1. Of the numbered conditions (1) modelled with pLDDT of 80 or more; (2) surrounded by 22 or more Cβ atoms within 10 Å (Cβ to Cβ), L203 fails exactly one; give the number of that condition.
2. Would you mind finding the one in D73, D69 that is closer than 28 Å to A411 by Cβ, of a type in the set (D, E) and modelled with pLDDT of 55 or more?
3. Inside the stretch 343-359, can you point out the residues that are farther than 21 Å from N88 by Cβ and without any contact (Cβ under 8 Å) to a residue 40 or more places away in the chain?
4. L395 versus (1) touching a residue at least 60 places away in the same chain (Cβ under 8 Å); (2) in contact with a strand residue (DSSP E or B) (Cβ under 8 Å, 6 or more places away or on another chain); (3) outside any helix (DSSP H, G or I): which is the lone unmet condition?
5. crowded, with 18+ Cβ neighbours inside 10 Å and either over 23 Å from the mean Cα position of the chain (by Cα) or without any contact (Cβ under 8 Å) to a residue 60 or more places away in the chain (or both): does that describe T385?
6. Taking G336, is it more than 22 Å from A102 (Cα to Cα) and surrounded by fewer than 23 Cβ atoms within 10 Å (Cβ to Cβ)?
7. Of all residues in the stretch 165-180 being in contact with a Ser or Thr (Cβ under 8 Å, 6 or more places away or on another chain) and buried (at least 24 other Cβ atoms within 10 Å of the Cβ), which is farthest from V286 (Cα to Cα)?
8. Please indicate, with yes or no, whether at least one residue in the stretch 114-129 is over 21 Å from G390 (Cα atoms) and at pLDDT below 95.
Amino acid sequence: MLTILGKAQGKFCDGMSRRSFLTIGAAGIGGLTLPQILAAEAKAGIGKSHKAVINIFLPGGPPHQDMWDIKSDAPKEIRGEFKPIKTNVPGIEIGELFPKLAGMMDKLVPIRTMVGASGGHDAYQCMTGRKKGSPGSPPGGWASQGSWISRLKGPVHPGVPAFLSLCYDTGHKEWGDPGASGFLGFGHSPFRCIGGKSENMVLKGITLERLQDRQSLLRSVDNFRREADARGLMEGMDTFTQQAVGILTASKLADALDISKEDPKIAARYGKGDPKHRADGAPKMVESFCIARRLVEAGARAVTLNFSRWDWHGGNFKRSRQDMPMLDNAVSALVGDLHDRGMERDVSVVVWGEFGRTPKINKNAGRDHWPKVSCALLAGGGMRTGQVIGATNRLGEEAVDRPVTFAEVHATLYHNMGLLKGQERVFDLRGRPQYPINPSAQPMRELI
């Protein structure tokens with residue numbers, strides 16, 4: 001583990017200088033420090049198998065009937081402008097703006113009947129599998145999938161946090177939610193890596209780019225040391241601080257975030273993103289999909305990201321022609337990458353939004369909110385791919401065959417992670433056992 005030290009001014013019994021104590025991120029002494037995060041994760045234990053989940057959130061609610069559930073026989077005011085195209089799995093058709101995904105349908109699972117959306121404009125159900133304010137909520141709130149994975153699996157490598165986020169901040173803040181740690185505590189919050197650079201990776205004002213400025217670094221460490229000494233927080237933190245230094249300075253995480261180090265031919269498959277924010281949504285950064293795979297290779301167990309803005313009350317088909325080909329490129333490149341690298345059995349991918357869109361096209365050529373049914377796309381995780389789950393009625397209004405809940409998808413992803421076998425639980429502050437997902441929700445039998 002790389003350590004940045006000044007001249008020793010007295011050591012602990014293990015020989016470590018107090019100069020190695022660092023705090024990372026905006027949290028002060030009275031808040032969370034990265035060493036504390038690492039300590040909490042260590043208590044959870046380190047798993048032997050590197051299973052992972054990449055959770056791709058499409059803020060605003062993507063139009064299901066223009067993506068995986070084209071309604072060719074519906075009236076014009078419902079079916080819209082797009083035609084279905086055949087895929088490489090006989091009998092499965094999807095929207096014409098996804099030709100690359102159509103060519104690898106044997107590696108995918110479109111779900112056409114996601115039900116039970118709360119109707120809120122947020123990522124909560126996609127991150128937790130639960131509705132906000134659902135009964136039995138523990139003090140501190142429900143934990144997100146990434147936080148549960150961090151708590152139950154722990155880090156693969158000391159220098160790479162288990163739960164990482166590539167979610168951009170958004171004007172509508174709920175669309176930038178990477179998933180909260182809830183009652184599990186801040187130690188299992190996502191380590192946020194915005195735009196390929198981690199906002200957490202700041203050493204009392206010293207960013208990664210300034211790590212070579214040793215004098216500034218040492219002044220920062222000394223200031224922290226004096227502050228920590230005054231509060232009596234030094235003793236017993238040596239090991240985890242060493243790990244914190246490793247996260248900040250070791251190459252594993254920093255290299256994974258640096259997409260310029262990717263093979264140019266592979267990076268080109270993902271396409272070129274648009275860093276501009278769209279209204280209150282996220283930018284169209286297809287590069288995040290490639291970085292997500294790089295982070296998993298580096299040791300991440302859970303990665304969340306958001307892409308664009310899908311709340312299209314007007315101009316639905318114009319926006320579809322802009323965003324859907326980019327999504328087609330990015331997801332197909334990611335899934336193809338996982339298969340090329342032999343990671344398809346270990347890494348699960350889910351692509352979804354908070355709800356669907358109205359079957360009827362409004363006067364502004366848009367579709368409005370429709371919580372009754374929405375869609376999702378799954379890949380990897382050792383699942384039985386090459387099949388469609390569920391069917392909606394002729395107008396795409398509601399599920400008529402195999403409705404799927406958010407909790408079922410989460411249960412499936414947890415199953416793919418090797419969890420739920422013994423119904424893992426953690427006791428909350430009231431002493432009540434809590435589970436990653438409601439025990440009544442079972443993994444999808446069609447996929448496992």
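1. It is condition (1) that L203 fails.
2. D69
3. T358
4. For L395, the exception is condition (2).
5. Against the criterion (crowded, with 18+ Cβ neighbours inside 10 Å and either over 23 Å from the mean Cα position of the chain (by Cα) or without any contact (Cβ under 8 Å) to a residue 60 or more places away in the chain (or both)), T385 does not qualify.
6. No: the conditions fail for G336.
7. The selected residue is G179.
8. No: the stretch 114-129 contains no residue that is over 21 Å from G390 (Cα atoms) and at pLDDT below 95.
The values are calculated or read from the model by the stated rules, or taken from the named source; none is laboratory data. What you are looking at is a predicted structure, and each value in this text was computed from that prediction instead of being measured. So basically every Cβ, Gly included, is an ideal-geometry build from the backbone, and we count neighbours across all protein chains shown.
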